[in-house]
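One structure is given below, encoded as structure tokens.
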Amino acid sequence: MLRTAVDTFASRGYYGTTTTEVATRAGISQAYVYRLFPNKEALFLAVVAHAYDLVRDSLARGAAAATSTAPLDVLYAMGDSYARLIQDKNLMLIQLHAQAAAVAEPAVRDAVRAGYARVVEYVRSVSGATEPEVQQFFATGLLCHLIVAIDADHIDAPWARALSAGIRHF
């Protein structure tokens, strides 16, 4: 059901998705959804936590595949793994919808903060990178979201090349 909830929230966001839609797509009753989650917010928070778990797992796969223990090599391998992960557009959309909802929804804001806290601390501790290097790593990741969202790496224009230069996608 969580995977169905990810796909459903990805298509319409937190505000545009109902528990009825999630239940219908999952082939279960809305009552069963409410047996598992007390309300839509709780379901969305579970989806957000799941998304950050997937990100963390992807970063761990990247770290394990790093060709050396040098911090920048580890960050590069983590970034490569994350770039592969966001081929799943629904996962990227969940992250973007969660960030947008965090502006007005305190519980979602707390979930996004908790997700970032876990992921940032993981990257920092596993890579051994400096704080500025970790910041740059996450800034590049957010830029990747933008490039993928607007398909900038397929636009032949100076502004698009400036955004996309050196950023790899799959």
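The values are calculated or read from the model by the stated rules, or taken from the named source; none is laboratory data. Keep in mind that this is a model prediction, so the values were computed, not measured. For neighbour counting, all protein chains shown are included, and Cβ atoms are generated from backbone atoms with ideal geometry for every residue, glycine included. Each accessible area value is taken on the protein alone, full model and side chains, heavy atoms only, with ligands, DNA and RNA left out. Shrake-Rupley method; radii C 1.70, N 1.55, O 1.52, S 1.80 Å.
Structure summary
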{"item": "Lone unmet requirement of (1) touching a helix residue (DSSP H, G or I) at 6+ places or on another chain (Cβ under 9 Å); (2) in a helix (DSSP H, G or I); (3) modelled with pLDDT of 95 or more; (4) more than 18 Å from ALA51 (Cβ to Cβ) for PRO132", "result": "(1)"}
{"item": "Residues of segment 56-94 that turn out to be in contact (Cβ under 8 Å) with a residue 12 or more places away in the chain, farther than 14 Å from ALA129 by Cα and not in a helix (DSSP H, G or I), as a count", "result": "2"}
{"item": "Matching residues in segment 44-85 - criterion: being of a type in the set (S, T, N, Q) and closer than 27 Å to VAL22 by Cβ", "result": "SER58"}
{"item": "Residue under evaluation ALA49, criteria (1) open to solvent by less than 40 Å² (accessible area, probe 1.4 Å); (2) out of contact with any Cys (no Cβ under 7 Å at 6 or more places or on another chain); (3) hydrophobic (A, V, I, L, M, F, W, C), criterion not met", "result": "(1)"}
{"item": "Restricting segment 140-159 to residues that are at pLDDT 95 or above and either in contact with a Phe, Trp or Tyr (Cβ under 8 Å, 6 or more places away or on another chain) or assigned to a helix (DSSP H, G or I) (or both), the residue that is nearest to LEU59 (Cα to Cα)", "result": "TRP159"}
{"item": "Complete set of residues in segment 54-87 that are open to solvent by 60 Å² or more (accessible area, probe 1.4 Å) and within 17 Å of the chain's Cα centre (by Cα)", "result": "ARG56, ASP57, ARG61, ARG84, GLN87"}
{"item": "Selection status of ALA157, free of Cβ contacts under 8 Å to residues at least 60 places away in the same chain, among the hydrophobic types (A, V, I, L, M, F, W, C) and surrounded by fewer than 12 Cβ atoms within 10 Å (Cβ to Cβ)", "result": "yes"}
{"item": "Segment 8-27: number of residues that are open to solvent by less than 40 Å² (accessible area, probe 1.4 Å) and part of a helix (DSSP H, G or I)", "result": "10"}
{"item": "Condition broken by ARG113, with the remaining ones in (1) without any contact (Cβ under 8 Å) to a residue 40 or more places away in the chain; (2) open to solvent by less than 60 Å² (accessible area, probe 1.4 Å) satisfied", "result": "(2)"}
{"item": "Every residue from segment 129-149 that is within 15 Å of TYR82 (Cα to Cα), loosely packed, with under 14 Cβ neighbours inside 10 Å and more than 16 Å from the chain's Cα centre (by Cα)", "result": "none"}
